[in-house]
Each structure stands twice: as structure tokens, then as C-alpha cells.
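The values are calculated or read from the model by the stated rules, or taken from the named source; none is laboratory data. No experiment lies behind these values; they were computed from the predicted model shown. Here Cβ is always computed from backbone atoms with ideal geometry, including for glycine, and neighbour counts include all displayed protein chains.
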Amino acid sequence: MNIQTWLTEKDPKKLAQLWQMADTTRQTNVGDAVHLRGLIEISNNCIRKCAYCGISALNTPPRYRMNTAEIMNCVTKAVEFGYGTVVMQAGEDYALTTKWIAGLVKRIKTETPLAVTLSLGERPLQELEDWREAGADRYLLRFETSDPKLYQQIHPGSNDRITTLKQLKQLDYEIGSGVMIGIPGQTYVSLANDIQLFAELDLDMVGVGPYIPHPETPLGSGQIKPEIAINEQVPNNEEMTYKVVALTRLACHTANIPSTTALATINKMNGRELGLTRGANVVMPNLTPPKYREQYTIYPDKACINETAEQCQNCLRGRIAAIGREIGTGAGNRKTSSL
Ligand code: SAH
């Protein structure tokens, strides 16, 4: 399989074959279950200056941090709704201390059957170790691009996330990563390398979604403009996203692959469903209370921004049933061998 050739393929008949291959590979390796991960966006405070992100330290959106009771309220809902996992995501916020997060993880693990996924940015190794010890099962950290020069431009002063992912694996976390599709400066070659790297890192979860420009960011406003020839720039559109979802499934047979909110944002009608029929097997319904959800503006016009947790889960259940798939039960860990 030549990944780069597929990325530039335009023939609808060939692409229909790609969708079919990805769907069959998904069916054979992870089955028809769609696992639900309840997302709780616990803080939008951040010290990083990522050039694409609307909640970076460069911006001044209203900031919030959820308290323990608010978070546990969302966790209770996850159990009620039959989700197998909660994902706690935030900006890189050091007011979320090691101890506080560890306590929260311990509490969720003792009071519920849920798997716990953390996505709290580039925290020091010692903290990642402590949280694993407290019972956290998985860590999500997208490497955003495998091109070191582009990474420096869009992610100034950051750690090497690829090294961190390897360390997380050694700590026996299930590891999740991914990239945005169509960030300015992203070439077909570098995107093909990204997909290859997903397989090399043996990722347990891979999240990919379109880059959605946020006008109040250096990358979205055009203040930073990575140099690139027009014919080399990957577009940030829907079709390219499906190609990457499908190719990711073909490269990583047993990985858990979400049909992302960013994809649902650029096709609100049936983006989620198309992702699920072209390689994906996971959906992440949002549990964050609406008053906070609207402040977690990593990009504009996010899908489901005004929905309550109840509305979100009803809508997603309906969508999954309509395409003839079933809701996964249990934690939805990665299957280590094919079915
Ligand atoms: N602070 C955490 C969580 C970041 S938000 C971390 O850095 O890992 C989760 C993901 O949203 C990011 O990794 C990025 O890939 C994606 N994201 C951020 N801004 C985006 C944008 N403008 N368009 C599309 N996706 C975006």
C-alpha cells in the first residue's frame, strides 16, 4: 500500500475501494461495536502557545476549571449512560496538581467500573508515572506532525511528544496519539510519514481530524505562514480526513480509532457516520456541562456545542443504530489480536 499515492487519489471509484477495504479491516479486527468514551473538558487554562489552538496562553478567552464535584457529576452520568471510559482533557494547566489528579483518578477507579483516560498535555514524566500508579489506564497526546521543523513552528518551545509517547508506553499506559489534517505547511509526504509513524509507535488509539482554523490564533490569522508549494499543501477538507481515517485503519488494524468531533464539525449532517463506515470504531460523546463546553474553544463552531450530556448521548446512539452498528460494552480496551 502506497500511502502517499492514496492521499493524492482523486478517482471516486478507487476511493470507494479504499473505504471498503478500511471498513472490512475494521470489521475483521475490531468488529461492529462502537465504543463510547465520555469526554470531560476539565480546564481550559493553558501555559502552551500552540499556534493553532484557541485556548493557548496567547489568547484571552474566559477561563474555567471544573471542581471535583462537577467532574464527579459527569462521571456519574458516564456510568448511567453505559459508557466504558471517561476521558479527562484540559489545556496544560499546572493548577491541576499531580496530587489532585491522582486523587480524582483513584476515586473514579474505586467508585466506578470506568477506564480512565487522561489528556492533560506535556506533563513531566514523574507526574505521568504517579497518575499511572493511581490507576489511569490511558494517555492521549497527539504528536500533531512528524515533521520536526513544522512541529517547532506550530508548537514553539515544546517537548518531543514522540519520545513522551514511548515513555508512556513503557509505563504501561494504553497510548493514543494523532495529527490534524491540513495544517498549513503539512505536505503529502509528511502526512504519509505521520500514518507510518502511527504503526511504528504501535499506538493503541489514533485520533485524526481536520485542522479548523481559529481566527484568533497565529496560524489561523495567517500571522505564521509556513512556507510550502501550493501543490504540496494537504487540504483540510472532509475527503482528506476520510482518507486518513481509512489509511490509519489499514496501517493499524486493531487500534481504536475515533470518528472525531472535528470531523463532525465540518460535516454536521453525517460526518460521524461516514468516519465510522470508513475505518473508525469509537465515538467520544461530550459530558462537559454546556456553560464550560462553550469556553473550550480549541477551534470555532465546534459540533454539539450547545447540547447537554443527555442530548449528546441520545443523538449519538441514534446515529450508531442507523448505520447498523452496536454500542460497545465494557472498557473497550484495544484488542491485541484480531477477532
Ligand atoms: N492540551 C492537550 C489537549 C489539547 S486539545 C494536549 O495538548 O494534548 C486536543 C487536540 O485538539 C489537539 O491535540 C489538537 O490536535 C486538536 N486541535 C487543537 N486545535 C485545533 C484546531 N484549530 N483544529 C483542529 N483540531 C485542533
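For (1) in contact (Cβ under 8 Å) with a residue 24 or more places away in the chain; (2) surrounded by 23 or more Cβ atoms within 10 Å (Cβ to Cβ); (3) in contact with a Lys or Arg (Cβ under 9 Å, 6 or more places away or on another chain), each residue gets a yes or a no:
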{"site": "Glu227", "(1), (2), (3)": "yes, no, no"}
{"site": "Ile230", "(1), (2), (3)": "no, no, no"}
{"site": "Lys243", "(1), (2), (3)": "yes, yes, yes"}
{"site": "Thr248", "(1), (2), (3)": "yes, yes, no"}
{"site": "Cys252", "(1), (2), (3)": "yes, yes, no"}
{"site": "Ser259", "(1), (2), (3)": "yes, yes, yes"}
{"site": "Ala264", "(1), (2), (3)": "yes, yes, yes"}
{"site": "Asn267", "(1), (2), (3)": "yes, no, no"}
{"site": "Glu273", "(1), (2), (3)": "yes, no, yes"}
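Please go through segment 308-334 and pick out each residue that is assigned to a loop (DSSP other than H, G, I, E, B) and surrounded by fewer than 17 Cβ atoms within 10 Å (Cβ to Cβ). Those that are assigned to a loop (DSSP other than H, G, I, E, B) and surrounded by fewer than 17 Cβ atoms within 10 Å (Cβ to Cβ): Thr308, Ile323, Gly324, Thr329, Gly330, Asn333. Total residues in segment 133-151 satisfying the condition of being among the hydrophobic types (A, V, I, L, M, F, W, C) and away from the ligand (no atom under 16 Å from the Cβ): the figure is 1.
Just give me the residues in segment 141-157 being surrounded by 17 or more Cβ atoms within 10 Å (Cβ to Cβ) and either in a loop (DSSP other than H, G, I, E, B) or in contact with a Ser or Thr (Cβ under 6 Å, 6 or more places away or on another chain) (or both), in sequence order. Once the filter is applied, which keeps residues that are surrounded by 17 or more Cβ atoms within 10 Å (Cβ to Cβ) and either in a loop (DSSP other than H, G, I, E, B) or in contact with a Ser or Thr (Cβ under 6 Å, 6 or more places away or on another chain) (or both), segment 141-157 yields Leu141, Arg142, Phe143, Thr145, Ser146, Asp147, Tyr151, His155.
The set of residues in segment 117-132 that are aliphatic (A, V, I, L, M) and either away from the ligand (no atom under 16 Å from the Cβ) or surrounded by fewer than 22 Cβ atoms within 10 Å (Cβ to Cβ) (or both) contains only Leu125. Of the residues making up segment 33-54, those that are among the basic types (Lys, Arg) and either more than 11 Å from the ligand (Cβ to nearest atom) or surrounded by 22 or more Cβ atoms within 10 Å (Cβ to Cβ) (or both) number 2.
Is segment 158-168 home to any residue that is over 27 Å from Val189 (Cβ atoms), of a type in the set (S, T, N, Q) and modelled with pLDDT of 95 or more? Yes.
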